[in-house]
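S.K.: Can you keep this structure in mind? I'll have questions shortly.
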Amino acid sequence: MTDQNKTYTTQTNTQTEGRSSRPSSAARNWRDRSAQKTFLVITVFPLLLISAITIGLLWRSWPILTQYSLQELFLGSVWKPDEGLFGFLPFIMGTFWVTVVGVVLAVPPCLLIALYLSEYAHRLTRSIAKPLLDLLAAIPPVVYGVWGLLAIVPFVGKVVAPFSKQWLYSIPFLAVNQPTGFSILSAGIVLAVMIAPLVISVVYEVFTTVPNDLRHASLAIGATQWETIRYVVIPRVMPGIVAAVVLGASRAVGETIAVLMVVGNVSQVPGSIFDTAYPLPALIANNYGDMMSIPLYDSALMCAALVLLVVILIFNILSTVVLQRVLERRQV
Amino acid sequence: MEAHIQVRNLNAYYGKTQALKNINIEIPRRQITVIMGPSGCGKTTLLKTFNRFLELNDGASVTGEVLVDEQDIYAKDVDVTEVRKRVGLLAQRPAPLPMSIYENVAYGLHIHQMRKGKLEYKEAVKHYLEVAGLWDEVKKRLHEPATGLSIGQQQRLCLARGLAIEPEIILGDEPTSALDPISSQHIEKKLLELKSQYTTVVVTHTLRQAKRLADYAIFMYLGEVVEAGPAHAIFTNPQQERTRAYLEGLF
Amino acid sequence: MKRRWTRRRITEDLMKAWMLSSFVIVAGCLGLILWTVVSRGLPALTWEMVSQTPKGGFYMGKEGGVLNAIIGSLYLASGGTFLALLISLPIALYLKTYLGKSNWGHYVRLSLDVLWGIPSIVYGAFGFILMLALGLRASLLAGIVVLGLIELPIMVRAMDEVIRRMPADLEHAALALGSTRLEVALNVVSRQMLPGIITAVLLAFGRGIGDAASVLFTAGYTDRIPTSLMQPTASLPLAVFFQLSTPYPAVQQRGYASAVILTIIVLLISLGSRWISARLNKYTIK
């Protein structure tokens with residue numbers, strides 16, 4: 001790199017001779033180098049921020065982590081801050097259920113849509129789909145929450161739950177214990193729509209890395225398009241698809257307001273998708289007001305944020321590393 | 001001469017540009033037909049109309065008829081997968097599917113359900129790898145990924161994969177242009193061996209390869225067929241000025 | 001070669017139909033969301049709602065509007081976007097002109113993607129810790145800082161995407177003319193980037209204005225329009241949330257109306273960015 005600069009410098013010297021109004025090449029190169037150093041410092045910022053968030057949360061949750069055993073915290077199911085009982089299990093299970101239901105509902109249609117856009121759709125359809133997905137991604141979480149409240153909760157309460165009560169009650173996880181519609185299923189439906197634009201666009205990107213030569217090789221021996229997708233396209237990018245799903249799951253884990261508005265927020269370990277739940281983000285958001293008034297309460301809530309952060313960091317780093325690998329193959 | 005493929009009033013377009021202009025030719029059964037011409041003359045486009053591959057390009061369209069055994073493959077009620085089962089393609093660059101060597105050959109048999117039971121599959125895979133001259137090189141690593149083969153071996157694997165679905169016609173789209181000379185020779189030898197069983201149509205841009213392979217030759221220029229006929233006649237006594245110029249290497 | 005109804009054909013057609021119906025369902029969800037929110041909120045959306053701050057008894061259904069939240073949200077999102085732009089512009093330029101596909105550039109991009117994935121409630125908690133450490137109270141300033149951090153990765157990655165599609169020839173041409181890389185960054189790349197920057201800014205602004213979980217911790221909520229950076233401020237998402245939490249139907253109605261206001265702002269931004277980038281793209285070399 002520096003060699004390159006040197007050659008340019010000599011060229012510039014001869015060119016700028018006799019034009020005193022422009023800064024000398026030495027000054028320009030000095031400016032280039034000092035800018036490079038300043039810029040370098042700024043690029044460290046994202047890394048610093050991640051560490052600062054982790055360390056900050058660890059620092060504030062340290063009191064509770066040292067006073068209680070991990071077993072008490074993460075396997076305890078009683079949450080009574082005034083009595084000093086901080087059992088996270090209901091909240092962890094709430095987060096787990098809501099995320100799983102959301103991802104399970106989102107994945108099949110997202111994969112199919114991404115496949116449709118990359119394998120079948122005309123350029124025109126694609127150019128319509130892109131802005132639609134952008135719009136869906138632009139809608140704020142609280143508006144999703146309002147939609148959930150107005151449309152999904154009544155739908156689950158009045159249509160899905162009675163149906164399940166009549167026909168599916170004996171299937172585990174489908175028992176209906178309360179009829180309000182505020183439930184894991186409602187939160188899962190809202191989450192599924194919220195993560196759909198992200199999952200669709202990432203999976204679509206992943207599918208575009210498959211070279212057309214491969215598709216043609218399969219079509220040339222008389223395979224249908226679906227056979228080509230199933231035996232050639234999907235196997236080739238399976239890791240990328242899994243990574244995209246994990247990325248979507250990490251978004252679902254952290255979603256706060258929209259879930260909070262439809263999930264019911266009762267601290268219990270759920271046993272059915274029609275039960276209410278109380279996920280970790282909702283716990284933090286609902287109780288931030290009183291957290292300084294009870295000893296260790298603030299530390300407990302920060303610990304909840306730390307748990308969220310750790311889970312999401314793991315999900316995110318894994319999926320991002322895999323995706324970067326997969327997407328880089330396109331250039332080769 | 002008995003025609004296996006008949007092309008009638010064929011026109012092809014990419015968007016608004018016309019790539020093929022009123023093509024009328026016949027391709028003889030169980031011989032090697034070579035389509036030649038300078039680059040951009042539409043020879044690959046013509047080849048792609050024979051297995052309905054042109055429609056994979058966004059915005060490409062075709063008018064006219066291509067008859068295989070007197071049956072128009074562009075008729076409305078034709079199943080395109082059946083067309084491609086009868087008309088195999090050997091592409092310019094070998095494209096091994098992301099599976100093992102064995103599965104690459106078995107793939108076509110599997111989707112068309114042409115065999116039953118493991119044993120029949122094994123025999124068929126062995127047979128077609130032998131026909132393609134690859135069996136001895138790969139018999140010990142049938143279940144390794146096909147991408148581990150050399151590019152010449154990959155092309156012979158693609159030949160085996162194409163032959164396994166028992167086509168009547170083999171199309172070759174400059175099938176040796178990505179290969180080293182020895183691998184090219186392998187493929188050419190195979191095509192000559194197989195010509196008694198298959199109707200073969202090869203696009204090539206090298207004149208010498210055309211002369212080595214052709215029983216029947218078609219010369220194209222700017223989207224039109226200039227001259228078509230038995231190879232020795234075309235090469236020794238071309239009727240058209242443009243054919244003569246091409247054969248003499250003027251463009 | 002005649003088409004027959006084989007198992008293969010049926011599978012092919014079924015899968016295609018399933019794909020299309022998934023597409024219709026998801027597109028339908030978009031329509032359903034907009035229709036639900038607008039049809040419930042529009043009747044309560046009056047001039048009073050957007051032109052007045054809450055008066056006494058507002059949260060029991062008496063007069064007033066949510067001007068405090070509208071202004072507060074605009075302050076918060078503009079401040080956050082400005083802050084994010086200050087940091088992300090040099091990062092994006094540096095990624096392009098100095099790092100390219102180097103290892104360090106790889107790590108910076110990875111860390112940005114990871115930052116993008118951290119949920120806003122965690123940013124909120126982090127902002128709260130910062131405030132405790134610095135002795136700050138919930139305020140416009142704290143809200144702006146946290147929104148700036150949230151918007152940062154969105155902005156850099158959006159710019160980075162646009163810059164990466166920029167042809168290398170242009171940059172090489174400038175280098176060949178004897179420019180230093182800083183000059184390339186400042187003159188050539190940033191000019192080519194303009195549409196990308198604008199799109200990124202609008203995208204980040206839209207994300208910032210819709211974010212609720214982080215401002216809950218850091219910006220507080222008040223009925224007054226803030227006059228200094230140290231005062232707490234209301235915001236639209238929280239206005240929606242709080243009004244819906246009250247038991248009075250009249251107030252809930254206003255919550256829906258506030259959701260309509262927020263949706264309209266966000267949609268205008270989203271459509272606007274599309275329009276602007278489409279217009280500006282005409283004048284850049286692709």
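S.K.: Over the whole of A:56-62, what's the average partner chain Cβ count within 10 Å per residue? Rounded to a whole number, please.
M.R.: Mean inter-chain Cβ contacts per residue within 10 Å come to 3.
S.K.: Let's test the formula: R0 of 41 Å, r as the Cβ-Cβ distance of C:Y107 and B:D180. What FRET efficiency results, to the nearest 0.05?
M.R.: Working: r = 40 Å, r/R0 = 0.98.
Computed FRET efficiency for C:Y107 and B:D180 comes out at 0.55.
S.K.: While we're on this one: Once R0 is set to 41 Å, what does the formula 1/(1 + (r/R0)^6) return for the Cβ-Cβ distance between C:I264 and A:L318, expressed as a FRET efficiency to the nearest 0.05?
M.R.: Working: r = 38 Å, r/R0 = 0.93.
That gives a FRET efficiency of 0.60.
S.K.: Taking one equal scatterer on every alpha-carbon of the protein assembly as shown, how large is log10 of I(q)/I(0) by Debye at q = 0.08 1/Å?
M.R.: Per q value, in the given order, log10 I(q)/I(0) is -0.88.
S.K.: Right, next: Give me a comma-separated list of calculated 3J(HN,Hα) values for the range B:210-216, in order, Karplus coefficients 6.51, -1.76, 1.60 applied at θ = phi - 60°, integers in Hz, x for any Gly or Pro.
M.R.: Ordered by residue, 3J(HN,Hα) equals 4, 5, 5, 9, 6, 9, 9 Hz.
S.K.: If r is the Cβ-Cβ distance from B:L222 to C:R224 and R0 is 45 Å, what FRET efficiency results, to the nearest 0.05? Don't skip to the end; give the middle numbers.
M.R.: Values: r = 78 Å, r/R0 = 1.73.
For R0 = 45 Å, the calculated efficiency reads 0.05.
S.K.: Further question: I'd like the mean, over residues of C:20-28, of how many other protein chain beta carbons sit within 10 Å of each residue's own Cβ.
M.R.: Working: counts 6, 2, 11, 10, 1, 5, 14, 7, 0.
Averaged over the peptide's residues, the number is 6.
S.K.: A:D134 to A:Y169: extension gain in nm, 0.36 nm per residue of separation minus the Cα-Cα distance? Walk me through the intermediate numbers first.
M.R.: Numbers: separation 35, 0.36 × 35 = 12.60 nm, distance 3.86 nm.
Once the chain is fully extended between A:D134 and A:Y169, it gains 8.7 nm.
S.K.: Got a number for carbon plus sulfur as a percent of the range C:51-283's accessible area, 1.4 Å probe?
M.R.: Values: 5750 of 8750 Å².
Summing carbon and sulfur atoms, their accessible area is 66 percent of the total for the range C:51-283.
S.K.: Right, something else. Please list, by residue number, everything in the range C:1-27 whose backbone N is under 15 Å from a paramagnetic label point 7 Å out along Cα→Cβ of B:K76.
M.R.: The answer is C:3.
S.K.: Would you mind checking which residues have amide H under 5 Å from A:F86's amide H? H placed 1.01 Å from N; only 5 or more apart, or other chain.
M.R.: A:K80
S.K.: Where the centroid of each part is defined by its Cα atoms, how far is the range A:193-207 from the range B:19-39 in Å?
M.R.: Spelled out, the Cα-based centre of one part sits 45 Å from the other.
S.K.: Here's a follow-up. What spacing in nm lies between the two simple spin-label points modelled at A:V159 and B:Q18, each 7 Å away from Cα in the Cβ direction?
M.R.: The answer from the label model is 5.5 nm.
S.K.: Quote the convex hull volume per residue of the range C:51-283, based on C-alpha atoms, as a whole number of Å³.
M.R.: Values: hull volume 30.9 nm³, N = 233.
Dividing the Cα hull volume of the range C:51-283 by its residue count gives 133 Å³.
S.K.: For the protein assembly as shown, report the accessible area per residue in Å² (1.4 Å probe, heavy atoms, rounded to an integer).
M.R.: Numbers: 38110 Å² over 869 residues.
Averaged over the residues of the protein assembly as shown, the accessible area is 44 Å².
S.K.: Per residue of the range A:294-311, in order, report the coupling 6.51 cos²θ - 1.76 cosθ + 1.60 (Karplus, θ = phi - 60°) as ³J(HN,Hα) in whole Hz, putting x for Gly and Pro.
M.R.: 10, x, 6, 4, 4, 5, 5, 5, 5, 5, 4, 5, 5, 4, 4, 4, 4, 4
S.K.: In whole percent, what relative contact order does chain A give with Cα contacts below 8 Å and a gap of six or more residues? Walk me through the numbers before you get to the answer.
M.R.: Values: 413 pairs, mean separation 86.0, N = 332.
Once normalised by length, the contact order is 26 percent.
S.K.: If you take all C-alpha pairs in the range C:2-44, what percent of them are over 14 Å apart? Write out the running numbers ahead of the final one.
M.R.: Numbers: 589 of 903 pairs.
The share of Cα pairs beyond 14 Å in the range C:2-44 comes to 65 percent.
S.K.: Separate question: Just to confirm my numbers, what's the Cα centroid distance between the range C:234-277 and the range A:111-158 in Å?
M.R.: 19 Å
S.K.: Moving on. Loop-only check: which trypsin sites (Lys or Arg not before Pro) in the range C:72-135 are DSSP coil with at most 13 other Cβ within 10 angstrom?
M.R.: Those satisfying the criteria are C:K101.
S.K.: Whole-Hz ³J(HN,Hα) for each residue in the range C:72-77, computed from phi via Karplus 6.51 cos²θ - 1.76 cosθ + 1.60 with θ = phi - 60°, x for glycine and proline: what do you get?
M.R.: Karplus values, whole Hz, x for Gly and Pro: x, 5, 5, 4, 4, 5.
S.K.: Compute the distance in nm between two label points, each set 7 Å from the Cα along the Cα-to-Cβ direction, one at B:E55 and one at A:A27.
M.R.: Each label point is offset 7 Å from its Cα along the Cβ direction, giving 6.9 nm.
S.K.: With no solvent and one point on each alpha carbon, what is the Debye value of log10 I(q)/I(0) for the range C:27-86 at q = 0.26 Å⁻¹?
M.R.: -0.95
S.K.: Moving on to the next point. Taking only DSSP H segments of four or more residues, each worth -39500 (n - 2.57), what value at 222 nm results for the protein assembly as shown once the sum is divided by all its residues, to the nearest 500 deg cm²/dmol? List each step's numbers first, then the result.
M.R.: Numbers: 34 runs with 513 residues, N = 869.
Theoretical 222 nm ellipticity from helices: -19500 deg cm²/dmol.
S.K.: Would you mind telling me the antiparallel percentage of the DSSP bridges in the protein assembly as shown, rounded to 5? Don't skip to the end; give the middle numbers.
M.R.: Numbers: 28 of 47 bridges.
Of the beta bridges lying entirely in the protein assembly as shown, close to 60 percent run antiparallel.
S.K.: Same structure again: Using alpha carbon centroids, what distance separates the range C:50-111 and the range A:38-83, in Å?
M.R.: Taking the Cα centre of each part, the range C:50-111 and the range A:38-83 sit 25 Å apart.
S.K.: What area, in nm² and to one decimal, does the C-alpha convex hull of chain B cast on average over all directions? If you can, show how the numbers build up before the last one.
M.R.: Values: hull surface 55.2 nm².
So the Cα hull casts an average projection of 13.8 nm².
S.K.: Using alpha-carbon pairs under 8 Å, 6+ residues apart, how would you state the relative contact order of chain B in percent?
M.R.: Working: 462 pairs, mean separation 69.7, N = 251.
It comes to 28 percent, rounded to a whole number.
S.K.: Also, I was wondering about something else. Any chance you could look up the accessible area of B:K48 with a 1.4 Å probe, heavy atoms only, rounded to 10 Å²?
M.R.: 60 Å²
S.K.: Going 7 Å from the Cα of A:H216 toward and past its Cβ, which residues in the range B:46-90 have a backbone nitrogen under 16 Å from where you end up?
M.R.: Residues B:46-61, B:84, B:88-90 fall inside that zone.
S.K.: In addition: For peptide A:253-259, what's the mean number of Cβ atoms from other chains within 10 Å of each residue's Cβ?
M.R.: Details: counts 2, 8, 4, 10, 11, 2, 0.
What the average comes to for A:253-259 is 5.
S.K.: Between A:H122 and B:K122, with labels modelled 7 Å along Cα→Cβ, what's the label distance in nm to one decimal, could you check?
M.R.: Simple spin-label model gives 5.1 nm for this pair.
S.K.: Now for a different question. In the range B:1-57, which GluC sites (Glu not before Pro) fall in coil by DSSP and have 10 or fewer other Cβ atoms within 10 Å? Can you show the working numbers first?
M.R.: Values: sites: B:E2, B:E26, B:E55; in loops: B:E2.
Those satisfying the criteria are B:E2.
S.K.: Follow-up question, since we're still on this one. Chymotrypsin sites (Phe, Trp or Tyr not before Pro), restricted to the range A:204-300: which are DSSP loop and have at most 11 other Cβ atoms within 10 Å? Don't skip to the answer; put the middle values down first.
M.R.: On the way: sites: A:Y204, A:F207, A:W226, A:Y231, A:F274, A:Y288, A:Y297; in loops: A:F274, A:Y288.
Of the chymotrypsin sites (Phe, Trp or Tyr not before Pro), not one in the loops of the range A:204-300 has a Cβ with at most 11 other Cβ atoms within 10 Å.
The values are calculated or read from the model by the stated rules, or taken from the named source; none is laboratory data. Small disclaimer: the values here were computed from a predicted structure and weren't measured. Cβ atoms come from the backbone with ideal geometry, glycine included; neighbour counts cover every protein chain shown. Quick note on the areas: whole protein, heavy atoms, side chains included, nothing else; ligands and nucleic acids left out. Shrake-Rupley method; radii C 1.70, N 1.55, O 1.52, S 1.80 Å.
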